[in-house]
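*Asks:* First the structure, then my questions, so here it is.
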Amino acid sequence: MIDLLLAYSRAQKKPFRRRLSNTPLQFIILCILLISACREEPTITSVNFEEEEFADFVEPDFPYITTSMDARALGAGFPDDNISARSIALRLGNDAYACFDTDMLRWSVAWTGDFLPMVTMAQISYNDFYEKKNRIPVIGGDPQLATGLYPGWFGQNPDFSDPRPPAPDPESPSWGPIPEDIGRWNGIYVLGNETVMSYVVKGTDVFEKPGSLVKDGVTAFTRTFRIAPSGESLSMVAAEIREGSNAENQGKKALVYRDGRYTGAVLSGNTQGVELQVIDDRYLVMQLAPGDEDREFTLILLQAPEGREDLLDKMASGVMPEMPDFQKGGKSLWSEKVLTRGQLSPDTAAYVTDMLTLPVPNPWSRNVRVVDVAFFDGNKAALVTFEGDVWLVDGIDDKLRRLEWRRYASGLYEPQSIEVKDGEIYVFGKEGIVKFHDLNGDGEADYYENFSHLMAQSIETREWASDMVAAPDGSFYVAKFGALDMGPETSSPKRITGFRDGSQHAGSILKVSADGRSIETYASGFRGPYMGIHPETGIISASDQQGNYMPSTPVMLVKKGDYYGVPATAHREDVEDLAITPTTVWIPHAEDRSGISQVWLTGNKMGPLNNQLIHFSYGRPGLFRVMLDSTSRGLQGAVSVIDAHYPAPTMKGAVNPLDGQLYITGFSLWGHNSNTLSAFLRLRYTGKESVFPEKFQAREGGIMLRFGTELDESTATDVSNYAVKRWNYQRTEKYGSGHFKPDGSVGEEHLPVLGAYLSNDRKALFLAVPEMEKVMQMELAYRLKTAKGKDVKDVLWLTVNDLDQPDLLAEGFGEVDWISLVANYDPAMALHGKEEAATTVRGEELFVKMGCIACHAVDGKGDGKIGPGMKGLLGSERQFKDGSNAIADEDYIRESIVAPGEKVVKGFEGEMPSFLGVISDGDLESLVMYIRSL
């Protein structure tokens, strides 16, 4: 730009400074605008996560993280029943920390020294992207104060028992919030590097600002309160000291002695009606008489050597209780914006994916693993990351040339869902549903409101808060994983194969009222559900994770009261008599080994996908179109793949209300077939011809398909262009299922297409298939041409729950004599799959096609893989989880493929399904040959 001005000056043959003073105003303004534009030009056009250096998970300027906490082994004198699934881990300065249990409204533990080890799944994989050996957090230093598993607040008389409903197993602790008539967590205000916590006790508003101070080398913990007028007495347990030898009660001061030390508390400020006492030489309790005015005071707590009781008065003398004006919002923590430029895909197909470049790097060296997205309007969206951040992105348009990113919130606990309702952001994580408030309009959340935490959360690491959708009536639905028997063992006994006890809401879909104050179980019996919702009708769809009691990936339309087959998560006494709700459509493991959420594409801007249900596959990764077929007695479905480029796992998505396109988020952690850590994509319809089947029907005598374009008659009516096979799954305690013919024998049944008929408008096909019957899985592969000569090669996977007679006249066919064709079918004509010769090359193809490559490394590295590596496997000694061992010979490899649960290698979870009946004997030998070659 300076060069431009100099050139202008030279053209005028006058010195730059003199010439500038006489330069036309319009020219100067233009130059200023151009300089400004250049300065704000996006510099980030692509992201290479592997080359980035991210800062620590815990940021120096943010005051807390949300986590779980196991404080049952703090040592002598401390309670041993101290465990919390939902804790705000507060950094109080002076190397002092405390955990506030939001379910129980208590300080579960306070300590000095180091903060928490970063060991939860989001934390441990934050910099080591594929590390999954997570643990339960414990404190990182020296414990000073703790309370047991009972509410932190009561009415006049403390009750040191847990008032929550019992866990499903009597050996497990209870989970979820205390009854609201005792108290309720409201939320937390963020004020720079400080916080103010808000909750209600017996109808009385309590605001608490935690902190610390140091005198004479001793650290004290401060709890500054503002307590609203109260019509009844309140009490709060500040600490529990087990096996205390004696105690002192002095009104505004109290001490409990044990082993030459004491735990003490002292009050400072407006303490009228506030007293301290010790109950049973064990519980240090603060009691408040009724009051008709706000009271503001500080409670100081410390542990010190006997003989240093003077420290309490010294601490109190230096404290002036002061509650900040937290309701006006705090200072901005992330004022910088990050500019990125998206990447448009060329219009080479009907559907392509554009890349919305993520804000990496950023001023905070923060990793950005996006998991869900929601739109305010067409140009602005909110995204949530697995590490617990909320980002806002503005400037979403057709060109994606200037995307402006701002950080909005942080500190959340492994969230996986975000919604925007009436312009307000809601996020669902393990802490519950959080609603955010920007109190001062600076573009950052100041108040993190607890909208609802009524859905119980256990400390089990695999009890994910997996999904949340907003309903048209203002309510929300949330989905929670079952407590899968994976990861660190904590407090829950094993329930059945593959499951631990978990909470009373594990493995369920729950409906949360529009005000967040009530909840009901909508459906249960899931292993690991994700959801979708029709934004106009409110119809709920769901998928589940293949594994124990879940033989493959299902997609279902869910009704209230449905039960989906996992007895550990039925949460009903009559589980033995419960009928399992039929799955709308099953998807084979080889095509989708990890089903995630769904989105309904309402609107008219997605071409053949308009008003269709889209299913997301994490492991593939990619998207499936779901077609529904209503019969006179039920519902069934079919899926086909939406071909496009998906560089990262596809997890969640939302339709942009402006352009009508589908925006996709996802990140990498578990097994999948992609090579990018995280991506934000746009599935865009280009207008080019697409040959998706738009409708299907499974009927007596065959299968009908309808397309959105005319088909070439010669290829459409050639029966050699079709291949049909079918099989059932077995729902057992084993992980996944093999394939079984309708008669129960192992394998897949191949069926002929006896006739292929084209409708009068040349857009629909009826394929005459003999011996149609109810079956969990059918596969229809076909190869056609359109009337314009475009090649069409596709596969449809369908489930047959019911069979009506076909009404071909209604579908636009002429007279089709399918009855005589199928009636004269001789079963001896049954087709058999063509057996390919066993080769190493074939084995490598199968290793990729069947998804083995996603879980098992072949290069000896193993990063991101959940199964043992294959390199050097043959001939090696294997150590198994049950303590046995064996040499990995060829028979061992064969057994591991068809019965992987029989011998699970030590250090792995045993998450591999059986391939019994899925692959032929020749293909099995090909796989053995390939593994031998490694």
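The values are calculated or read from the model by the stated rules, or taken from the named source; none is laboratory data. Everything numeric in this text was worked out from a predicted model, so none of it was measured. Quick reminder, even Gly has a Cβ in these numbers, built from the backbone with ideal geometry, and neighbours come from all protein chains shown.
*Asks:* Just the residues that are modelled with pLDDT under 90, in a helix (DSSP H, G or I) and closer than 21 Å to Ala456 by Cβ, please, taken from the stretch 560-579.
*Replies:* The one that is modelled with pLDDT under 90, in a helix (DSSP H, G or I) and closer than 21 Å to Ala456 by Cβ: Val575.
*Asks:* Across the stretch 634-648, what is the total count of residues that are touching a strand residue (DSSP E or B) at 6+ places or on another chain (Cβ under 8 Å) and either at pLDDT below 95 or not in a strand (DSSP E or B) (or both)?
*Replies:* 6
*Asks:* While we're on this one: I'm told Trp670 meets every condition in (1) under 20 Å from Met850 (Cα atoms); (2) of a type outside the set (D, E, K, R); (3) surrounded by fewer than 21 Cβ atoms within 10 Å (Cβ to Cβ); (4) in contact with a strand residue (DSSP E or B) (Cβ under 9 Å, 6 or more places away or on another chain) except one. Can you identify the failing condition by its number?
*Replies:* So the condition that Trp670 fails would be (4).
*Asks:* Among residues belonging to the stretch 62-94 that are basic (Lys, Arg) and either part of a strand (DSSP E or B) or in contact with a His (Cβ under 6 Å, 6 or more places away or on another chain) (or both), point out the one that is surrounded by the fewest Cβ atoms within 10 Å (Cβ to Cβ).
*Replies:* That would be Arg91.
*Asks:* What number goes with the only condition from (1) under 19 Å from Asp467 (Cα atoms); (2) surrounded by fewer than 22 Cβ atoms within 10 Å (Cβ to Cβ) that Asp574 does not pass?
*Replies:* Looking at each condition in turn, Asp574 falls short on (1).
*Asks:* Can you pull out the residues in the stretch 484-507 that are outside any loop (DSSP other than H, G, I, E, B) and of a type in the set (A, V, I, L, M, F, W, C)?
*Replies:* Leu484, Ile496, Phe499, listed by residue number.
*Asks:* Sticking with this one: Check off (1) over 29 Å from the mean Cα position of the chain (by Cα); (2) in a loop (DSSP other than H, G, I, E, B); (3) of a type in the set (Gly, Ala, Ser); (4) buried (at least 21 other Cβ atoms within 10 Å of the Cβ) for Ala167 and give me the number that stays unchecked.
*Replies:* For Ala167, the failing item is (1).
*Asks:* If I filter the stretch 593-633 down to residues being of a type in the set (D, E, K, R) and at pLDDT 95 or above, which single residue comes out as surrounded by the fewest Cβ atoms within 10 Å (Cβ to Cβ)?
*Replies:* Across the stretch 593-633, the extreme among qualifying residues is Lys605.
*Asks:* When Ile188 is evaluated against the numbered criteria (1) farther than 30 Å from Glu53 by Cβ; (2) in contact with a Pro (Cβ under 6 Å, 6 or more places away or on another chain); (3) not acidic (Asp, Glu), which criterion, by number, is the only one it fails?
*Replies:* Going through the list (1) farther than 30 Å from Glu53 by Cβ; (2) in contact with a Pro (Cβ under 6 Å, 6 or more places away or on another chain); (3) not acidic (Asp, Glu), Ile188 breaks only (2).
*Asks:* For the stretch 242-251, check the following and say yes or no: at least one residue is touching a Leu at 6+ places or on another chain (Cβ under 7 Å), outside any strand (DSSP E or B) and modelled with pLDDT of 95 or more.
*Replies:* Checking the stretch 242-251: not a single residue is touching a Leu at 6+ places or on another chain (Cβ under 7 Å), outside any strand (DSSP E or B) and modelled with pLDDT of 95 or more.
*Asks:* Out of (1) in contact with a Pro (Cβ under 6 Å, 6 or more places away or on another chain); (2) part of a loop (DSSP other than H, G, I, E, B); (3) not aromatic (Phe, Trp, Tyr), the odd one out for Thr224 is which?
*Replies:* For Thr224, the failing item is (2).
*Asks:* Moving on. Looking at (1) part of a loop (DSSP other than H, G, I, E, B); (2) more than 24 Å from Lys480 (Cβ to Cβ); (3) in contact (Cβ under 8 Å) with a residue 60 or more places away in the chain, which is the only condition Leu145 fails?
*Replies:* Evaluating Leu145 over (1) part of a loop (DSSP other than H, G, I, E, B); (2) more than 24 Å from Lys480 (Cβ to Cβ); (3) in contact (Cβ under 8 Å) with a residue 60 or more places away in the chain leaves (1) as the failure.
*Asks:* Of the residues Val190, Val200, only one is among the aliphatic types (A, V, I, L, M) and either buried (at least 22 other Cβ atoms within 10 Å of the Cβ) or assigned to a loop (DSSP other than H, G, I, E, B) (or both); which?
*Replies:* None of the other options fit; the residue is Val190.
*Asks:* Right, something else. Sort out which residues of the stretch 807-832 are surrounded by 13 or more Cβ atoms within 10 Å (Cβ to Cβ), in a loop (DSSP other than H, G, I, E, B) and at pLDDT below 85, and write them in order of number.
*Replies:* The answer is Ala830, and nothing else.
*Asks:* Among residues belonging to the stretch 357-382 that are under 15 Å from Val655 (Cβ atoms) and either of a type outside the set (D, E, K, R) or not assigned by TED's automatic domain parsing to the domain that holds Asp438 (or both), point out the one that is nearest to the chain's Cα centre (by Cα).
*Replies:* Among them, the one singled out is Val373.
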